[in-house]
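Below is one structure; the comments refer to it alone.
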């Protein structure tokens, strides 16, 4: 591989890292619950319009740090890509708390008094059945807040998200 080809691949790798880890939602890409984006959609964006599917495949397979994964979507058969780590959206974290806190519904719904601030910007709806099957446990506090310790790292992975909704303006951002 020539020096200019290596430089081009490094440039593409840096762009992929930036978008897939941090800016995919902001740039309007549809992201599935596993963090995958259709490669065709990526290549249609002006940031990537001068690259090809072959360029992306080469960068994914030749990257010694294995930063990206490719897969074929099971239904559409479209090629998809995701960053393997370092996302700004790795899931929900309990951070320094013991549990991740959930509400039983949206603010203002009948009986919902605790678990979510009215000023929240984002609502994440869980696929509870899938989360339970995945080994997560949930508890109901006395004041009606649903609590989950997360996985062994204190995280609730996006694969358990049913949908993600921006609240102001109300807009569906992601849905599995």
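Side notes on the structure shown:
- Relative contact order %, the chain, counting alpha carbon pairs below 8 Å whose residues are six or more apart: 21
- In the chain, helices alone account for a calculated mean residue ellipticity at 222 nm of -6000 deg cm²/dmol, with every DSSP H run of four or more residues adding -39,500 (n - 2.57).
- Distance in nm between pseudo-label sites at residue 122 and residue 104 (7 Å out along the Cβ direction from Cα): 2.6
- Distance in nm between pseudo-label sites at residue 152 and residue 40 (7 Å out along the Cβ direction from Cα): 3.9
- Length available on full extension from residue 78 to residue 18: 0.36 nm per residue minus the Cα-Cα distance, which gives 19.4 nm.
- The alpha carbon convex hull volume per residue for region 92-175 rounds to 100 Å³.
- Among 22, 101, 11: highest mean-square fluctuation, GNM of the chain, C-alpha pairs under 10 Å: 11
- Along its first, second and third principal axes, ordered by size, region 3-83 spans 38, 24, 21 Å in Cα coordinates.
- Relative contact order (percent, whole number), region 20-80, Cα cutoff 8 Å, 6+ residue spacing: 26
- Listed residues 31, 156, 146, most fluctuating in the chain (Gaussian network, C-alpha, under 10 Å): 146
- Axis angle, to the nearest 10 degrees, between helix 53-62 and the longest C-alpha principal axis of the chain: 80 degrees.
- Spacing of the two label points (7 Å from each Cα toward its C-beta) at residue 26 and residue 71, in nm: 2.6
- Put in order of Cβ neighbour count within 10 Å, fewest first, the listed residues 25, 19 become 25, 19.
- Long-range tail of P(r) for the chain (Cα pairs > 24 Å, %): 46
- In degrees, nearest ten, helix 3-18 long axis to first principal axis of the chain (Cα): 10
The numbers here are math on the coordinates, done by the rules we state, and not lab data. Computed from a predicted model, the values in this text were never measured in an experiment. Here Cβ is always computed from backbone atoms with ideal geometry, including for glycine, and neighbour counts include all displayed protein chains.
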